[in-house]
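Inspection log for the structure reproduced underneath, given as structure tokens.
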Amino acid sequence: MTKQSQQITEAIIERVESVLVGKQHAVRLALACLYAGGHLLIEDLPGMGKTTLAQALAAAIGLSYTRVQFTSDLLPADIIGVSVYDRNKAAFEFHPGPLFNQLVLADEINRTTPKTQSALLEAMGEGQVSVEGETRQLPKPFYVIATQNPLSQSGTFPLPESQLDRFLMRLRLGYPDPEAERQLLSGADPRLKLSQLSKGITPAQLQAIQAAVHRVKVSDSLVAYLQRLLQFTRSSADVDYGISPRGGMAVLKSARAWALMDGRDYVIPEDIQAVFAPVCAHRLPVSGGEHRAENFIQQTLNSVDII
Amino acid sequence: MRPLWQIPRDCLFWLLVSVIISIGLHLGHLPPWVALSGIIAAGWQIQLYRERWRQPGRLLKWSLAGACASGLFLHYGRFTGLEPMVALLLTGYVLKLLEIHHRRDALVLIYLSYLIIILQSLFSTTMVSSLLVLAALLPVTAALVAMHCGAENSRPATALRTALTITVQAIPLMLVMFIVMPRIGSLWAVPQQNSATTGVSDSMSPGDMTQLGRSGKIAFRVEFDGPIPEQSQLYWRGLVFSGFDGRRWDQQGPWGYNDGQFLQWSNQPQETWDQVITRRGAPLSYRVTLEATNSPWLFALSTPLSQSSTVALSRDFRLVNREPVISKLQYPVKSWLDNQLEPASLPGWRKRLELAIPAGFNPKTVEIAQQWREQTPEPLVLMNRLLALYNQQFIYTLRPPALGKHTVDEFLWGTKKGFCEFYASSFVFFMRAAGVPARVVVGYQGGERHPTENYLLVHQYDAHAWAEVWIEGRGWLRVDPTAAVAPERIEMSFADLFGEQDDFLSASPLSLERMRHIRWLNSLRLKLDSLDYAWSKWVLGYENMQSDFLLGLLGEINPQRIALLLLLAGAIALFPVFIMLYLGREKNTRDELDRLFLQYCSRLEKIGLPRQPGEGARDFAQRISLLAPGLAAALDRLTQLYESARYAEQSGAEILLFKKALKVFKPSRKDLLIRV
């Protein structure tokens, strides 16, 4: 299974990379997030390829996909769905909203009001929605890839910490390197390739991989290493409070997926180090500066020894 | 302005208690308004806590500080010296109550409380005050405890219980410190408590001793090796006055004497003038425990010698300490009651010194003295004639009428009422005018025998002045003209004689001495005194023993040697702690695999490739492979083995394989691509 997972992963990455040039690491992390069954938050400035990444992933994985552009006047019913009176049947009929898809791209999630945000986040947490007193199951797997602009931009409703916690990882794409940018500028619009993108994985394979993630071995000494990392964040004076136990579980889940993508059935410290920043950065309440959290996490990783 | 930080409730409680207690301890030597301002500040702080009042503004605080500083200056007239400094510290401490904005402000107050309470020991070291200091430390510790672990609404009693436990636990340490802490004498100067001295002063003018008569304080205590001599033998010589300016008697030496050094130290060769002392018979040996007097003179029976290296015998046959006595002092003395002082004829300069009378004073006395001398040329007969005059016509009283310019004339031929210093002064003046060398001696007379313990209590009201007359062939004779007037003054103790008079002890209205006619209170007073004496004897005795021991250990006491000794003692004291830490250190919990991995890392470190903390085995190997490609294969294999043993948790085989691979893994600097 591990070798197979690795092959499938490489195939998906190759497909996504053809659309989103030069972002292999971000793509790998996004994929690890999906393997681990978590939701993904992509935060960056407009035009950095957030939407492209989400679309390419959806196409390459072959999930049913919708995109919702969040605006300040979007209402919960607009994403969940509404019951409409059917004159022929003389009854109300539920018209499911865009949320009833396997992969939902919530574009610019911080542009909408907290009311709509929380409707989405309930769905993310429970895997179900309640409409007019009736609970409706969402399809499985259910993924949300949300994008948001940095909070310093005007006209945004920042997500509170408790809701940020629902996202397994937060990624930043950043500017492409010169080589990738040259390709991007000289070639045709990569988005045109999106429609031709073939699936790299079947739903059954995806389920198998997700099951395999749970079987990836975590040794005692690795757990001890993770505990030391968590303890470091909790005892440091630089942050108000450290990573929660849920955060620790999220790290381990992501590290398992990362190890599996690397073709291993056991986690090594390098796996934890690879996923630690994207999993933890948005969970750390560091005041002052967008990059303080990343710096603190780097300091944590540099200070805590692996044995 | 609201405080930025709220002090815990129980901490505030104990802090206020500590402030009140600290002020209370110093009440005796503080201007009363400092205590009052302390209470006001404490009340203000309570109102602040209840959010009823506001913090004082900047202007108010500055003016309060200014007012307090100038008030202190007005009260003391200076800022130097111990008392004004302590008062200044106390006012600052009290005003600090009004600006607790942060945790650190409260901590400053708590630590200051410790200092201020301990400062009390500079003023008094009796057993009662030591116990009071110990008790006063308790609420401060409680405040400190409450500050650090008090929850929002915990009860003050909880903190007090913890503080009590801590204090009790600290007692063994306290005893150890008492035993080993060196008593370093004068490495630095302690400022004098008062400018004024306590007890007898270095000069005598009419009326001085009435002040002492009103004080029931202890002057000193004496413990004899044998039985206590007769009351009439107990003349404690302190000062000898040979100079007289018409009103005031004062000391002459060391300038008046010119045959050698004025002071003779026990560890230095004998001065030539020591020959004029004839000591006969067995000496009386005893120990005097003197209360602080702020002056260097000591009290002893004639004629004394002390073995203590800090005590000297002076040319006028009394004992002098090397420094002013600013805290309780114990010194051993041997006295030869049977003695002769300067029996051979006095040289001219000595006679001039002991016969000098100021011109233009007391003409009547001078005239009558010369008449008497012509009538009775024999000095002893002359002396007895004068004493008989005292006995027949004079009255002993503590409330004599005031005297004008010619003090002796007015007293001898006018008022005829007075007490010891009037008699001593007029007697000496008369004898000098008649051509007989004489001088005034001041000290204490008698003392109170403790009924159960074998020691003598000498109070300030036992202060006395008498005379010494020089007779050729017999030397200096002690003459007490007061005894001629009121023999009971000498036979009985002063307190027994005057205990019922209103004036007696009017300076100490609450003293137990005043209640001495109530039997049980009197025995309580004596019991308390014997406890206090035992306490100070124990502390002082230990201090003397320890300083002798230190002297023996160090040879000579200087700051370097003291520092060395402290370091050594500190090292010895800390040694058990070190052992405890060593035994209790974190056991090496590394298992075999980690130890092997660390070996692997240290081998690479030796060739200049240390593993960074937080660097995983794989990243490390990859990094090194770039720097030393020759090692890449070995590194890769070791990493694989380590990872599968460590993280894949396979059978123990990998450990063995890793061990085997490590045995042949011998990286050297030659493997490096770039040698640094």
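The values are calculated or read from the model by the stated rules, or taken from the named source; none is laboratory data. Computed from a predicted structure; not experimentally measured. FYI the Cβ positions are ideal-geometry reconstructions off the backbone, even for glycines, and counts take in every protein chain you see. Surface accessibility is based on the protein's heavy atoms, side chains included, excluding ligands, DNA and RNA. Shrake-Rupley method; radii C 1.70, N 1.55, O 1.52, S 1.80 Å.
So is B:Leu635 in contact with an Asp or Glu (Cβ under 6 Å, 6 or more places away or on another chain), crowded, with 20+ Cβ neighbours inside 10 Å and either over 14 Å from B:Phe597 (Cβ atoms) or without any contact (Cβ under 8 Å) to a residue 40 or more places away in the chain (or both) or not?
Working: in contact with an Asp or Glu (Cβ under 6 Å, 6 or more places away or on another chain): no; crowded, with 20+ Cβ neighbours inside 10 Å: yes; either over 14 Å from B:Phe597 (Cβ atoms) or without any contact (Cβ under 8 Å) to a residue 40 or more places away in the chain (or both): yes.
Considered against the rule, which asks whether it is in contact with an Asp or Glu (Cβ under 6 Å, 6 or more places away or on another chain), crowded, with 20+ Cβ neighbours inside 10 Å and either over 14 Å from B:Phe597 (Cβ atoms) or without any contact (Cβ under 8 Å) to a residue 40 or more places away in the chain (or both), B:Leu635 comes out as no.
Taking the stretch A:172-199 as the search range and keeping residues that are surrounded by 15 or more Cβ atoms within 10 Å (Cβ to Cβ) and under 19 Å from the mean Cα position of the chain (by Cα), which one is nearest to the other protein chains (Cβ to nearest Cβ)?
This residue is A:Arg172.
What is the one condition in (1) assigned to a loop (DSSP other than H, G, I, E, B); (2) out of contact with any Pro (no Cβ under 7 Å at 6 or more places or on another chain); (3) facing chain B (nearest Cβ under 9 Å); (4) buried (at least 22 other Cβ atoms within 10 Å of the Cβ) that A:Ile243 does not satisfy?
Every listed condition holds for A:Ile243 apart from (3).
Could you name every one of the helices (runs of 4 or more DSSP H) located completely within the stretch B:601-676 that has at least 1 residues being within 20 Å of A:Ala274 (Cα to Cα)? Reasoning before the result, please.
Values: elements: B:617-627, B:632-646, B:653-663.
In the stretch B:601-676, the matching helices (runs of 4 or more DSSP H) lie at B:617-627, B:632-646.
Can you tell me which residue within the stretch B:578-597, out of those that are farther than 25 Å from A:Ile272 by Cα and part of a loop (DSSP other than H, G, I, E, B), is farthest from the other protein chains (Cβ to nearest Cβ)? Steps first, please.
Of the stretch B:578-597, the ones farther than 25 Å from A:Ile272 by Cα are B:578-588.
Checking which are part of a loop (DSSP other than H, G, I, E, B) leaves us with B:585-588.
Values: B:Arg585: 18, B:Glu586: 14, B:Lys587: 16, B:Asn588: 12 Å.
Looking at the filtered set, the residue picked out is B:Arg585.
For B:Gln560, indicate whether it is away from chain A (no Cβ under 12 Å) and among the polar types (S, T, N, Q).
Numbers: away from chain A (no Cβ under 12 Å): yes; among the polar types (S, T, N, Q): yes.
Yes, satisfied.
Can you name every residue in the stretch A:130-147 that is touching a Pro at 6+ places or on another chain (Cβ under 9 Å) and modelled with pLDDT of 85 or more?
A:Arg136
Given the condition more than 12 Å from every other protein chain (Cβ to nearest Cβ), open to solvent by less than 20 Å² (accessible area, probe 1.4 Å) and closer than 19 Å to A:Ser221 by Cα, answer yes or no: does some residue in the stretch B:654-672 qualify?
Taking every residue of the stretch B:654-672 in turn, at least one turns out to be more than 12 Å from every other protein chain (Cβ to nearest Cβ), open to solvent by less than 20 Å² (accessible area, probe 1.4 Å) and closer than 19 Å to A:Ser221 by Cα.
Restricting attention to the stretch B:328-367, which residues are surrounded by fewer than 18 Cβ atoms within 10 Å (Cβ to Cβ) and closer than 30 Å to B:Asp532 by Cβ?
B:Pro332, B:Leu337
Taking B:Leu574 as the residue in question, decide whether it is open to solvent by 100 Å² or more (accessible area, probe 1.4 Å), in contact with a helix residue (DSSP H, G or I) (Cβ under 9 Å, 6 or more places away or on another chain) and either within 30 Å of B:Met177 (Cα to Cα) or within 12 Å of chain A (Cβ to nearest Cβ) (or both).
Numbers: open to solvent by 100 Å² or more (accessible area, probe 1.4 Å): yes; in contact with a helix residue (DSSP H, G or I) (Cβ under 9 Å, 6 or more places away or on another chain): no; either within 30 Å of B:Met177 (Cα to Cα) or within 12 Å of chain A (Cβ to nearest Cβ) (or both): yes.
So B:Leu574 does not fit the description; no.
Applying the selection to the stretch B:77-103, what residues are outside any helix (DSSP H, G or I) and over 23 Å from the mean Cα position of the chain (by Cα)? Lay out the reasoning, then the answer.
Residues of the stretch B:77-103 that are outside any helix (DSSP H, G or I), as a first pass: B:77-81, B:100-102.
Answer for the stretch B:77-103, where residues must be outside any helix (DSSP H, G or I) and over 23 Å from the mean Cα position of the chain (by Cα): B:Gly77, B:Ile100, B:His101, B:His102.
Given the stretch B:368-434, what helices (runs of 4 or more DSSP H) lie entirely inside it while holding 3 or more residues that are of a type in the set (Phe, Trp, Tyr) and buried (at least 23 other Cβ atoms within 10 Å of the Cβ)?
Working: elements: B:379-393, B:407-410, B:420-433.
Where helices (runs of 4 or more DSSP H) fall fully within the stretch B:368-434 and carry at least 3 residues being of a type in the set (Phe, Trp, Tyr) and buried (at least 23 other Cβ atoms within 10 Å of the Cβ), they are B:420-433.
Conditions tested, residue by residue: (1) at pLDDT below 90; (2) not small (Gly, Ala, Ser).
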residue	(1), (2)
A:Leu260	no, yes
A:Gly263	yes, no
A:Glu270	no, yes
A:Ala274	no, no
A:Arg283	yes, yes
A:Ser287	yes, no
A:Asn295	yes, yes
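Do we find a residue being facing chain B (nearest Cβ under 9 Å) and surrounded by 18 or more Cβ atoms within 10 Å (Cβ to Cβ) anywhere in the stretch A:285-300?
Of all residues in the stretch A:285-300, those facing chain B (nearest Cβ under 9 Å) come to A:300.
Pick out the ones that are also surrounded by 18 or more Cβ atoms within 10 Å (Cβ to Cβ) and you get A:300.
Within the stretch A:285-300 (the criterion being facing chain B (nearest Cβ under 9 Å) and surrounded by 18 or more Cβ atoms within 10 Å (Cβ to Cβ)), the answer is yes, since at least one residue qualifies.
Okay, residues lined up against (1) within 30 Å of A:Gln298 (Cα to Cα); (2) within 14 Å of chain A (Cβ to nearest Cβ); (3) β-branched (Val, Ile, Thr):
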{"residue": "B:Leu564", "(1), (2), (3)": "no, no, no"}
{"residue": "B:Gln599", "(1), (2), (3)": "yes, yes, no"}
{"residue": "B:Ile624", "(1), (2), (3)": "yes, no, yes"}
{"residue": "B:Ala632", "(1), (2), (3)": "yes, no, no"}
